[in-house]
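Participant: Okay, here's the structure, questions in a sec.
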Amino acid sequence: MTTPASVSTVDLAARFPGIVSADSRPGYSGWIINADKLIEVATAIRDEFGYDLLSSVTGVDYPADGKMEVVYHAFKTTGGSIFVFKVQMPRDDPVVSSLVPVWKGAELQEREAWDLLGIKFTNHPDLRRILMWEGFEGHPLRKDWKEPFYEEELKPFKSRWPDGKHTIAEAKNPFRDNVQFPVGFDPEKYTFEDPEQALYTSLRKYQSEDKDGIKTDHILVNMGPQHPSTHGVFRAVVMLDGEDIVSLKPVMGYLHRNHEKIGERNTFLQNMPYTDRLDYFNSMSNNFGYALAVEKLMGIQVAERADYIRVIMAELTRIQNHLIWAGMMLNDLGAMYTPALYAFEERELILDIFEATAGSRMMCNYFRFGGVARDMTEDALRKTRELVHDRLPGKVDEMDRLLTDNEVLVSRLKGMGYLSAEDAINTSMTGPMLRASGVPYDIRRADPYSVYDRFEFDVVSRPEGDMYARYLVRIEEMRQSLKILEQALKQIPAGPILSGKPQYQVKIQPGEAYGRVEAPKGELGYYIVSNGKPNPYRYHVRAPSFINLTSLEMLCVGEKIADFVAILGAVDIVLGELDR
Amino acid sequence: MDNNELNLPGYEIPDDMKNTVAITSLDRLYNWGRRSSVWPLMFGLACCAIEMIAAQASRYDLARFGMEVMRPTPRQADLMIVSGTVTKKMVPAIVRLYNQMPEPKYVMAMGACASSGGPFKEGYNVVAGIDKFLPVDIYVPGCPPTPQALMNGLIMLQKKIDKESISKVRWYRKGADTVEVPVPILGPDLIDVRRIPDIKSKVAELSNPPAQREA
Ligand code: SF4
């Protein structure tokens with residue numbers, strides 16, 4: 001049943017002599033492509049070699065070599081491991097052609113690389129800042145860019161707690177605040193170009209025309225960042241023709257908390273609690289992906305019992321996420337609160353297990369490199385068994401019974417927000433979004449990690465590609481998670497929960513690694529570059545909430561504005577992860 | 001609400017009228033009404049918002065305190081629970097929301113981020129605490145605060161309201177206190193409008209360090 005993680009046997013250098021070379025830096029892998037031939041080679045990677053889904057696009061700044069690098073990760077939706085290719089550019093003029101013509105999924109990610117690293121992508125349809133605002137000074141993830149509260153390159157900072165005293169960061173900044181201004185800046189004379197103007201002009205305008213003597217015009221509607229239906233501080237700008245959506249742009253960054261910049265100053269272990277705060281519904285899955293990536297770099301094994309505990313935690317997390325999703329989805333459809341209250345009741349029970357094991361309800365900070373932080377007690381295991389065997393199956397069925405055939409739900413979801421399999425792949429959808437479009441791709445099966453290859457479970461997928469399919473996939477996935485949990489709880493061995501001894505500072509060889517897990521929302525990936533220091537040199541999160549929004553406009557165009565709320569809800573986003 | 005809390009002590013009310021008549025001061029009546037029907041703004045910023053939702057949901061049930069009526073519009077809200085990290089990109093919107101709330105209005109900083117910047121304080125897009133812009137009434141520590149902690153904060157707020165007096169609260173007086181908070185501007189960095197002269201002189205000083213001027 002399981003497809004073994006096939007070793008990539010593609011020899012790109014032989015196919016493109018003189019254009020592609022293998023990345024031979026120690027600890028690195030993949031292929032380096034000549035920047036001016038990128039489109040040609042990328043098309044071949046997609047069409048000839050079959051890596052049809054471009055998963056992640058990010059940049060790395062190497063000032064020591066005077067280079068800027070863009071790193072691409074792609075995979076085959078039929079299974080197998082990830083495929084890496086890169087382009088390098090001179091640092092003072094980093095220009096490369098955009099991959100949007102090949103994979104639309106690159107769109108938002110390239111905008112992010114432009115925003116944070118200043119890499120220009122030619123032929124990009126809409127290259128604007130995405131997380132910061134237009135007019136912001138500098139590209140923060142460049143290695144020589146320093147934030148206003150900058151203290152030192154790397155943590156732990158020497159100044160922390162000298163002689164038991166501390167100074168607040170504000171005291172060290174000339175403006176006594178978390179700000180900095182360019183030389184010669186005059187706030188009185190500052191006239192800012194309306195930062196929204198570029199955004200509004202990027203929308204496709206509905207032309208006013210004279211139909212039967214009636215003048216029609218477009219309406220521009222801003223939804224968010226404060227809007228009860230956007231699940232946080234997300235904003236969408238919608239162009240309407242009457243009630244129909246003709247064009248839409250997601251606007252984000254309202255919760256951009258500089259995860260990556262802080263992560264590159266932190267030590268490897270210090271990042272673990274920060275990952276909790278990415279997708280704050282699912283801290284356990286976030287920990288999982290990060291631990292996998294760092295363990296790959298360290299080249300260590302995970303204690304067997306810990307592997308089982310990890311799976312148990314990750315699957316409980318998935319059930320909890322999908323339950324809340326269903327509840328919130330119904331909120332979005334107007335069934336205020338009641339289904340959500342059902343979901344929260346079960347969530348509390350799962351959080352109790354997290355609290356008993358990790359010490360915290362939400363921000364678990366539970367995984368360690370090589371294992372987990374604390375053992376699961378017999379009591380916690382017993383409670384989990386009770387939940388998995390006696391309570392949750394009934395509750396999932398109850399949700400199913402109450403909702404699935406509900407007239408309102410069916411008529412609002414069926415046939416709405418359609419996304420074809422082809423488009424889903426092209427726009428880099430992952431997780432339930434991809435599976436609801438008829439592509440049965442689940443990393444737990446396609447590229448198994450941890451001990452997932454030991455369990456029987458089905459990859460749930462539906463061919464319809466509409467919102468109802470997204471709903472059904474998630475309901476069924478909860479059942480599959482329960483199935484995995486049953487097996488894991490039966491098989492869990494005794495033994496240590498950490499493969500080495502606990503340590504604050506881990507030794508990591510120079511190199512790069514990409515760790516990915518099937519998080520409840522899709523592929524959660526961590527791209528980490530180490531240069532041998534105790535801190536990651538580059539730390540990038542491939543966030544499913546973020547990339548799944550690439551298709552948002554596609555889903556919404558032609559639908560009514562009232563359905564936008566539901567369509568967005570069905571994507572399942574969390575702002576902490578979206579904006580990072 | 002039982003009569004004892006509303007009644008002023010020291011007034012004898014005949015037994016048969018105890019449930020229909022109360023003798024009290026205007027302040028007490030007014031505070032009693034306010035504290036028992038605080039309507040928070042339905043407004044979530046980050047992870048802390050999830051605990052805020054949990055506090056309203058099945059197990060913790062905020063409705064017991066008369067605070068479950070979350071209003072998505074600031075026009076109908078009297079408490080802003082700042083539940084999460086305040087970013088520079090978001091803060092103009094938050095200040096605007098605050099300005100749109102009718103008085104009396106209260107602000108609660110929920111969690112480490114809203115109180116001080118929390119784990120993300122060093123971030124370049126993070127405002128180190130909402131109190132840099134808005135007057136905060138209650139700080140609730142935690143990352144995130146548990147629902148119990150949030151409730152404790154809300155009860156503290158009720159106690160604070162109990163002590164208010166119509167003649168002294170700032171919103172019924174003329175003067176600077178009731179003026180709206182100016183909305184910050186997004187420039188090369190976040191510009192706090194109230195501090196423009198400050199910023200101007202500092203930038204001039206930094207662009208022109210004394211050593212250079214002498215040379
Ligand atoms: S205080 Fe902690 S839990 Fe709350 S928003 Fe900040 S990081 Fe999230």
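The values are calculated or read from the model by the stated rules, or taken from the named source; none is laboratory data. This is a predicted model, so every value here is computed, not measured. Don't worry about glycine lacking a Cβ; one is built from the backbone with ideal geometry, like all the others, and counts go over all protein chains shown.
Participant: Keeping to the stretch A:45-67, report how many residues are surrounded by 16 or more Cβ atoms within 10 Å (Cβ to Cβ) and part of a helix (DSSP H, G or I).
Facilitator: So the count comes out to 2.
Participant: Within the stretch B:129-138, is even one residue assigned to a loop (DSSP other than H, G, I, E, B), touching a Ser or Thr at 6+ places or on another chain (Cβ under 8 Å), closer than 27 Å to A:R580 by Cα and within 11 Å of chain A (Cβ to nearest Cβ)?
Facilitator: yes
Participant: Also: Any idea which of (1) part of a loop (DSSP other than H, G, I, E, B); (2) crowded, with 23+ Cβ neighbours inside 10 Å is the one A:S24 doesn't satisfy?
Facilitator: (2)
Participant: Does the stretch A:226-239 hold any residues that are at pLDDT 85 or above and either assigned to a loop (DSSP other than H, G, I, E, B) or not charged (D, E, K, R) (or both), and which are they?
Facilitator: A:V233, A:F234, A:A236, A:V237, A:V238, A:M239
Participant: How many of the residues making up the stretch A:278-300 are within 14 Å of chain B (Cβ to nearest Cβ) and in contact with a Pro (Cβ under 7 Å, 6 or more places away or on another chain)?
Facilitator: Count: 1.
Participant: Count, please, the residues in the stretch B:36-48 that happen to be within 7 Å of another protein chain (Cβ to nearest Cβ) and either in contact with an Asp or Glu (Cβ under 9 Å, 6 or more places away or on another chain) or within 12 Å of the ligand (Cβ to nearest atom) (or both).
Facilitator: Qualifying residue count, the stretch B:36-48: 4.
Participant: Quickly run through the stretch A:179-193 and pick out the residues that are under 17 Å from B:I196 (Cβ atoms) and at the interface with chain B (Cβ under 7 Å from one of its Cβ atoms).
Facilitator: The answer is A:V179, A:Q180, A:F181, A:P182, A:G184, A:F185, A:D186, A:P187, A:E188, A:Y190, A:F192.
Participant: Does at least one position in the stretch A:293-308 carry a residue that is closer than 30 Å to A:M132 by Cα, in a loop (DSSP other than H, G, I, E, B) and not small (G, A, S)?
Facilitator: There is no residue in the stretch A:293-308 that is closer than 30 Å to A:M132 by Cα, in a loop (DSSP other than H, G, I, E, B) and not small (G, A, S).
Participant: Same structure again: Restricting to the stretch A:253-270, what's the tally of residues that are part of a helix (DSSP H, G or I) and away from chain B (no Cβ under 11 Å)?
Facilitator: Of the residues in that region, 1 qualify.
Participant: Where residues in the stretch B:87-128 are of a type in the set (A, V, I, L, M, F, W, C) and within 9 Å of the ligand (Cβ to nearest atom), which of them is farthest from the chain's Cα centre (by Cα)?
Facilitator: In this case the residue turns out to be B:F120.
Participant: If you take the residues of the stretch A:135-151 that are in contact (Cβ under 8 Å) with a residue 60 or more places away in the chain and within 11 Å of chain B (Cβ to nearest Cβ), which of them is surrounded by the most Cβ atoms within 10 Å (Cβ to Cβ)?
Facilitator: Only one residue fits best here, namely A:L141.
Participant: Moving on to the next point. Of the residues in the stretch B:63-95, how many are of a type in the set (S, T, Y), more than 8 Å from chain A (Cβ to nearest Cβ) and closer than 22 Å to B:P145 by Cα?
Facilitator: 1
Participant: Tell me whether the stretch A:286-308 contains one or more residues that are within 16 Å of the ligand (Cβ to nearest atom) and buried (at least 24 other Cβ atoms within 10 Å of the Cβ).
Facilitator: Looking through the stretch A:286-308, at least one residue is within 16 Å of the ligand (Cβ to nearest atom) and buried (at least 24 other Cβ atoms within 10 Å of the Cβ).
Participant: Right, something else. Kindly establish whether A:A171 is more than 10 Å from chain B (Cβ to nearest Cβ), surrounded by 14 or more Cβ atoms within 10 Å (Cβ to Cβ) and not in a loop (DSSP other than H, G, I, E, B).
Facilitator: It is false that A:A171 is more than 10 Å from chain B (Cβ to nearest Cβ), surrounded by 14 or more Cβ atoms within 10 Å (Cβ to Cβ) and not in a loop (DSSP other than H, G, I, E, B).
Participant: Can you go through B:L150, B:L154 and tell me which one is part of a helix (DSSP H, G or I) and within 13 Å of the ligand (Cβ to nearest atom)?
Facilitator: B:L150
Participant: Name the single residue that is farthest from the chain's Cα centre (by Cα) among those in the stretch A:240-252 being surrounded by fewer than 23 Cβ atoms within 10 Å (Cβ to Cβ) and in a loop (DSSP other than H, G, I, E, B).
Facilitator: Looking at the filtered set, the residue picked out is A:G242.
Participant: Could you look through the stretch A:220-239, keep only residues that are touching a residue at least 24 places away in the same chain (Cβ under 8 Å) and surrounded by fewer than 19 Cβ atoms within 10 Å (Cβ to Cβ), and pick out the one that is nearest to B:A77 (Cα to Cα)?
Facilitator: So the residue we want is A:S229.
Participant: Right, next: Go through (1) in contact (Cβ under 8 Å) with a residue 24 or more places away in the chain; (2) within 12 Å of another protein chain (Cβ to nearest Cβ); (3) away from the ligand (no atom under 14 Å from the Cβ); (4) among the aliphatic types (A, V, I, L, M) one by one and return the number of the condition B:A54 breaks.
Facilitator: (3)
Participant: Related question: I'm told B:Y60 meets every condition in (1) within 9 Å of chain A (Cβ to nearest Cβ); (2) away from the ligand (no atom under 16 Å from the Cβ); (3) part of a helix (DSSP H, G or I) except one. Can you identify the failing condition by its number?
Facilitator: (3) is the only condition that B:Y60 fails.
Participant: If you scan the stretch A:320-364, which residues turn out to be within 22 Å of A:L278 (Cβ to Cβ), in contact (Cβ under 8 Å) with a residue 40 or more places away in the chain and within 11 Å of chain B (Cβ to nearest Cβ)?
Facilitator: Passing the criteria: A:I324, A:M328, A:A343, A:M362, A:M363.
Participant: Does A:L316 satisfy being more than 14 Å from every other protein chain (Cβ to nearest Cβ), in a helix (DSSP H, G or I) and within 16 Å of A:A519 (Cβ to Cβ)?
Facilitator: Criteria met by A:L316.
Participant: Give the residues of the stretch B:75-86 that are of a type outside the set (D, E) and away from the ligand (no atom under 16 Å from the Cβ), sorted by residue number.
Facilitator: Those that are of a type outside the set (D, E) and away from the ligand (no atom under 16 Å from the Cβ): B:R75, B:Q76, B:A77, B:L79.
Participant: Are any of the residues in the stretch A:150-162 farther than 22 Å from A:Y514 by Cβ and of a type in the set (A, V, I, L, M)?
Facilitator: yes
Participant: Also, quick follow-up: Mind checking whether some residue in the stretch A:331-339 is more than 27 Å from A:D563 (Cα to Cα) and surrounded by fewer than 23 Cβ atoms within 10 Å (Cβ to Cβ)?
Facilitator: Scanning the stretch A:331-339, I find no residue that is more than 27 Å from A:D563 (Cα to Cα) and surrounded by fewer than 23 Cβ atoms within 10 Å (Cβ to Cβ), so the answer is no.
Participant: Looking only at the stretch B:129-146, which residues are at negative phi and near the ligand (Cβ under 10 Å from one of its atoms)?
Facilitator: Scanning the stretch B:129-146 gives B:V140, B:P141, B:C143, B:P144, B:P145.
Participant: Taking into account only those residues within the stretch B:160-186 that are aliphatic (A, V, I, L, M), at pLDDT 80 or above and farther than 25 Å from B:R35 by Cα, which is surrounded by the most Cβ atoms within 10 Å (Cβ to Cβ)?
Facilitator: B:L186
Participant: Still on this structure: Check whether at least one residue in the stretch A:429-444 is within 16 Å of the ligand (Cβ to nearest atom), more than 14 Å from every other protein chain (Cβ to nearest Cβ), of a type in the set (F, W, Y) and in a loop (DSSP other than H, G, I, E, B), and report yes or no.
Facilitator: No, every residue in the stretch A:429-444 fails to be within 16 Å of the ligand (Cβ to nearest atom), more than 14 Å from every other protein chain (Cβ to nearest Cβ), of a type in the set (F, W, Y) and in a loop (DSSP other than H, G, I, E, B).
Participant: Same structure again: Quick check, is A:L127 in contact with an Asp or Glu (Cβ under 9 Å, 6 or more places away or on another chain), surrounded by 23 or more Cβ atoms within 10 Å (Cβ to Cβ) and in contact (Cβ under 8 Å) with a residue 12 or more places away in the chain?
Facilitator: no
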